[in-house]
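Here the structure comes first, spelled out in structure tokens, and everything after it is commentary.
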Amino acid sequence: MKFGVLVFPGSNCDHDAYWTASKVLKQPATLLWHGSHDLENCDAIIVPGGFAYGDYLRTGAIASFSPVMESVRKFAAGGGIVIGICNGFQILCESGLLPGALMRNVGLRYVCKPVHVRVENADTPFTNACKPGAVLEIPIGHMEGNYFCDDTTLADLKRGNRILFRYVNPQGEATAQANPNGSLENIAGIASEGFNVLGMMPHPERSAEAILGCSDGLRVFQSLAGAMVKA
């Protein structure tokens, strides 16, 4: 499979994602410039973390109008696999590919540390290499990671089993103390109705090799590769 990693002015995790796809997962990968409509026949698109367009106006808002995101919307509408990480999650919400919004963290502080997340649904292209209920250690680094949606949207997410990750303690309990940003019901990642689009605040590319201190994030990328092989 071929990964395409978007690059916006202000992206700072694009090369991390590119490295993970090409060097760790050993799959073809390319960087895709924000000003181009060409997705270069990629099988999966990564919308990386960072501060696209300097986070001006609102995180992800300006990036959602970029030419490349027009193509990503069409790609996703056709069933293409898209994963948005941190700022990428924000961009996907602003682009209408995922519901809800990412607000300022409770406490109004930037949070950068390893956290634990529980796999809520292991039957997706992003989690099939995990066991249901598995607890993964993956780092976060964000100021606007406080996920919020209205009651109707939350009910839809729950009904469709579209909440893929929740913040938990090491024992797998979704407690208030384990929630690093005030996110609604400890939500750390959600999927689209077709389960081909994922947005998650934790950075799996930052925990994809043992040398980084933890390799749990690699399971997300292995899941993607496995899903594409089966397809």
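The values are calculated or read from the model by the stated rules, or taken from the named source; none is laboratory data. Predicted model only: the values in this text are computed from it and were never measured. As a convention, Cβ positions derive from the backbone with ideal geometry for all residues, glycine included, and neighbour counts pool all protein chains shown.
Structure data summary
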item	result
Test: V135 is surrounded by 15 or more Cβ atoms within 10 Å (Cβ to Cβ), modelled with pLDDT of 95 or more and in contact with a His (Cβ under 8 Å, 6 or more places away or on another chain)	yes
Cross-chain or 6+ apart pairs with Cβ under 6 Å, the stretch 32-57 first and at positive phi, then surrounded by fewer than 18 Cβ atoms within 10 Å (Cβ to Cβ) and part of a loop (DSSP other than H, G, I, E, B)	G50/G10; G50/N12; Y53/P9; Y53/G10; G54/G10
Meets criteria (more than 13 Å from M201 (Cα to Cα), touching a residue at least 40 places away in the same chain (Cβ under 8 Å) and surrounded by fewer than 22 Cβ atoms within 10 Å (Cβ to Cβ)) for A122	no
The stretch 165-221: number of residues that are closer than 13 Å to V119 by Cβ and in a loop (DSSP other than H, G, I, E, B)	5
Residues located in the stretch 1-54, provided they are more than 12 Å from G88 (Cβ to Cβ), assigned to a helix (DSSP H, G or I) and among the hydrophobic types (A, V, I, L, M, F, W, C)	W19, A21, V24
The stretch 74-102 residues that are at positive phi, paired with ones that are hydroxyl-bearing (S, T, Y) and not in a loop (DSSP other than H, G, I, E, B) (beta carbon under 9 Å, 6 or more apart)	G96/S64; G100/Y147; G100/T153
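One line per residue, one yes/no per condition, for (1) among the small types (G, A, S); (2) in contact with a Gly (Cβ under 8 Å, 6 or more places away or on another chain):
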position	(1), (2)
C130	no, no
I138	no, yes
G141	yes, yes
A155	yes, no
F165	no, yes
A176	yes, no
N186	no, no
I190	no, yes
L198	no, yes
